[in-house]
Amino acid sequence: MLDIKYLRQNIEIVRKKMDERGQSIDFDRFLGLDAKKRDTLQLAENLRNERNSVSKEIGELKKKKADASALIEKMGNVSTKIKEYDESLRVLEEEINAFVMIVPNIQHESVPQGKGSEDNTVVRSWGKKPSFSFEPKQHFELGESLNILDFARGAKITGARFTVYRGAGAAMERALISFMLDLHVEKHGYTEVLTPFMVNAESMTGTGQLPKFKEDLFKIEGMEYYLIPTAEVPVTNIYRDEILEEDKLPIYLVAYSPCFRSEAGSYGKDTRGLIRQHQFNKVEMVKFSKPETSYDELEKLTANAEDVLEKLGIAYRTVCLCTADLGFSSAKTYDVEAWMPGQNTYREISSCSNFDDFQARRASIRFRRSDGGKVDFVHTLNGSGLAVGRTVVAILENYQQADGSIIIPEVLRPYMRGLERITP
RNA sequence: GGAGAGAUGGCUGAGUGGCCGAAAGCGAUCGCCUGCUAAGCGAUUGUACGCCCCUUAAAGGUGUACCGCGGGUUCAAAUCCCGCUCUCUCCGCCA
């Protein structure tokens, strides 16, 4: 969420920024609520002040066995009035809170303006797209004919958008998870964490999934627990409601987790294959940074994601999302898109974002500056490193051979008992 | 699942209705002392929000709230009552 004080004082800037994002938000209503709240707060606090001092007098009178009944009666009325003010404050605060919770983040000045994904700008590309002497197949055809992906049985066991992996397919998924974790830990300086895969409502609110995106989540029946849509949620919330020491920053964490998404609103999209599943695996990088270095950290984080594809030898391009395509909580996002020959297109395989202090304010993650002891919000960042299922897709499609077999990228072989090729 | 105990500041820990935003100790910061270190002495040491001051911010002043969370009783709640959450111990069950 945005800083209410900042919002109050810079309303025109925020209005303009939200226009650029294609958001129409009733800021006048907010200003009215905010002014009314502060007036009411002032009245309530003045009464409390009176009650506090008179109550002290009453205590002293009683100690001297003097009569205090007049004061007690008067304070009874004051207390009733305080309760009334408190009630209207509660209502006002609820409305203000509901308002600020659905206002998106303010984009960084370097974010390109645009009206849709066609306005995202390509910032770089890497690698050579493979050329084939045959018509390259899509991953689901390859996976089914090699008997390593079983969509029909996934659908039988659970339903649409669930898949059974078998043999070398299952092994490749697991190998990728280990390979990615090892790379980020050994080469990029991250600490591995393994977190709960269900979280409570506070955690979902902290990272911005709640209250606005409830319909995208799976909720546990009868409990206030949700299945995580990304490890970003539990990992970022590790430090919720904490004040960190400046010398601990930046903190780099990397986590594997399955991700659960309802994919409401994407019916009919990517219905075949692994691209869009209700449950998929992901390795996620999360950073907690000082504000002054967070944009450098974003560049490094994105490079860390790209490094996975470079090690696997898969061509990619990196795009900077424009104002219209930016996620709710993000101030700036790079998507890394892997080349998928079977689909003859680039597909998103990682999304790396800087949230500035937007999540940190919601989740109350702060740090104490070592000079002066001032407490500030940290900046949080995260990025996929990478989406594992989509990486399997990229490998199958890029490394397919004329005979339908798949060459396994060299870096992955030690994680797959030395297997070099998947054959029918 | 059953029974019991507990939750106070960075940490330990006192506090059963007003003198408590909270003793004491530890830690930390600054200063003094000392050839250095240690010891010793003194001071400071939570967060949030409102208002004043101010061009803004900071600093400063002032008010309010916060003793796990949410309600209640009372002129007045860390303290009494109710509900919840979490932690610990014992029993049961269990990978």
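The values are calculated or read from the model by the stated rules, or taken from the named source; none is laboratory data. All figures in this text were calculated on a predicted structure; none of them were measured in a lab. With ideal geometry, Cβ positions are generated from the backbone for all residues, glycine too; neighbour counts draw on all protein chains shown.
Is it the case that the stretch A:106-124 has a residue that's within 16 Å of RNA strand B (Cβ to nearest atom), of a type outside the set (F, W, Y) and either over 30 Å from A:L210 (Cα atoms) or without any contact (Cβ under 8 Å) to a residue 60 or more places away in the chain (or both)?
Scanning the stretch A:106-124, I find no residue that is within 16 Å of RNA strand B (Cβ to nearest atom), of a type outside the set (F, W, Y) and either over 30 Å from A:L210 (Cα atoms) or without any contact (Cβ under 8 Å) to a residue 60 or more places away in the chain (or both), so the answer is no.
List the residue pairs whose Cβ atoms are under 7 Å apart, where the first residue sits in the stretch A:64-87 and is closer than 12 Å to A:R48 by Cα, the second is in a helix (DSSP H, G or I) and more than 9 Å from RNA strand B (Cβ to nearest atom), and the two are 6 or more positions apart or on different chains.
A:Y85/A:T40; A:Y85/A:L43
Go through the stretch A:171-193 and report how many residues are of a type in the set (V, I, T) and surrounded by 15 or more Cβ atoms within 10 Å (Cβ to Cβ).
Residues that pass the stated criteria total 2.
A:R390 - would you say it is part of a helix (DSSP H, G or I), within 16 Å of RNA strand B (Cβ to nearest atom) and out of contact with any helix residue (DSSP H, G or I) (no Cβ under 9 Å at 6 or more places or on another chain)?
When the stated conditions are applied, A:R390 does not pass them.
What are the residue pairs meeting all of these: first residue in the stretch A:342-358, first residue in contact (Cβ under 8 Å) with a residue 40 or more places away in the chain and surrounded by fewer than 24 Cβ atoms within 10 Å (Cβ to Cβ), second residue aliphatic (A, V, I, L, M) and in a strand (DSSP E or B), Cβ atoms under 7 Å, and 6 or more apart or on different chains?
Between residues of the stretch A:342-358 that are in contact (Cβ under 8 Å) with a residue 40 or more places away in the chain and surrounded by fewer than 24 Cβ atoms within 10 Å (Cβ to Cβ) and residues that are aliphatic (A, V, I, L, M) and in a strand (DSSP E or B), the close pairs are A:R347/A:A338; A:R347/A:M340.
May I ask you to verify whether A:E292 is surrounded by fewer than 24 Cβ atoms within 10 Å (Cβ to Cβ), among the acidic types (D, E) and within 19 Å of the chain's Cα centre (by Cα)?
So A:E292 fails the test.
Can you tell me how many residues within the stretch A:393-410 are closer than 18 Å to A:E310 by Cα and in a loop (DSSP other than H, G, I, E, B)?
3
Filter the stretch A:16-33 down to the residues that are of a type outside the set (A, V, I, L, M) and touching a helix residue (DSSP H, G or I) at 6+ places or on another chain (Cβ under 6 Å), then identify the one that is farthest from RNA strand B (Cβ to nearest atom).
Of everything passing the filter in the stretch A:16-33, A:F27 is farthest from RNA strand B (Cβ to nearest atom).
Quick one: in the stretch A:1-31, of everything that is modelled with pLDDT of 90 or more and under 14 Å from A:E93 (Cβ atoms), which residue is surrounded by the most Cβ atoms within 10 Å (Cβ to Cβ)?
A:F30
Of the conditions (1) near RNA strand B (Cβ under 7 Å from one of its atoms); (2) within 30 Å of A:I4 (Cα to Cα); (3) not aliphatic (A, V, I, L, M), A:K36 fails just one. Which one is it?
(1)
Hey, does the stretch A:234-256 have a residue that's in a helix (DSSP H, G or I), under 19 Å from A:M101 (Cα atoms) and among the β-branched types (V, I, T)?
yes
Under 9 Å by Cβ, and 6 or more places apart or on different chains, what pairs join a residue from the stretch A:362-375 that is more than 17 Å from A:D3 (Cα to Cα) and of a type in the set (V, I, T) with one that is part of a loop (DSSP other than H, G, I, E, B) and near RNA strand B (Cβ under 7 Å from one of its atoms)?
none
Taking A:M75, is it under 30 Å from A:V111 (Cα atoms) and either more than 12 Å from RNA strand B (Cβ to nearest atom) or surrounded by 11 or more Cβ atoms within 10 Å (Cβ to Cβ) (or both)?
No, not satisfied.
Here are some residues: A:S69, A:S110, A:S88. Which one is among the hydroxyl-bearing types (S, T, Y) and over 30 Å from A:D26 (Cα atoms)?
Going through A:S69, A:S110, A:S88 in turn, the sole match is A:S69.
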